[in-house]
1. Are there any pairs, at least 6 apart or on different chains, whose C-beta atoms fall under 7 Å, with the first in the stretch 63-90 and at positive phi and at pLDDT below 95 and the second surrounded by 12 or more Cβ atoms within 10 Å (Cβ to Cβ) and in a strand (DSSP E or B), and if so, which?
2. Of all residues in the stretch 97-114, how many are open to solvent by less than 90 Å² (accessible area, probe 1.4 Å) and not in a loop (DSSP other than H, G, I, E, B)?
3. Can you tell me which residue within the stretch 29-39, out of those that are open to solvent by less than 50 Å² (accessible area, probe 1.4 Å) and not polar (S, T, N, Q), is farthest from the chain's Cα centre (by Cα)?
4. Within the stretch 95-116, work out how many residues are touching a residue at least 40 places away in the same chain (Cβ under 8 Å), hydrophobic (A, V, I, L, M, F, W, C) and over 14 Å from A31 (Cβ atoms).
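The values are calculated or read from the model by the stated rules, or taken from the named source; none is laboratory data. What you see is a predicted model; the values in this text were computed from it and never measured. In this analysis, Cβ positions are derived from the backbone assuming ideal geometry, glycine residues included, and neighbour counts consider all displayed protein chains. Ligands, DNA and RNA are stripped out before the accessible areas are found, and what is left, the full protein with its side chains, is counted by its heavy atoms. Shrake-Rupley method; radii C 1.70, N 1.55, O 1.52, S 1.80 Å.
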Amino acid sequence: MSMLAIFQVSSSAISAQSQRLNVVASNLANANTVSGTEQGAYRARQTVFSTILEGTGSPDAVGGVSVPEVVESQTPVPKRYEPGNPMANAEGYVYASNVNEVEEMANMISASRSYQSNAEIFNTTKTLMLRTLQLGQ
């Protein structure tokens, strides 16, 4: 793997983790929303990561990571009896989002640390390349 490929892998990982953080933020922002119908309730979303392969598929052909899609959680949405809620249906039920806030916070910490690690890899590689160029002076 060339030194320039490290920049490509690292920057694609930073981009993917940034998108993951945006999805987590959206989930947390909608964690306490309710709807009058099960179909209208907010469902948690998760990013799906995929490896980008380059060339012939040899072990050294990894080119980074991408987010090909964001999927909705299939966990059932909770149904609560709140007849005083303006969003309640005719029976007095509201449907809350299926976002697990603790899981989302752990997901946010993981994404943040991955982002920081890849930023550090990017900076370390840049420093090593600059020092290599200084050797020739």
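1. From residues that are at positive phi and at pLDDT below 95, the pairs are G64/I52.
2. Matching residues across the stretch 97-114 total 11.
3. G36
4. Residues meeting the conditions: 1.
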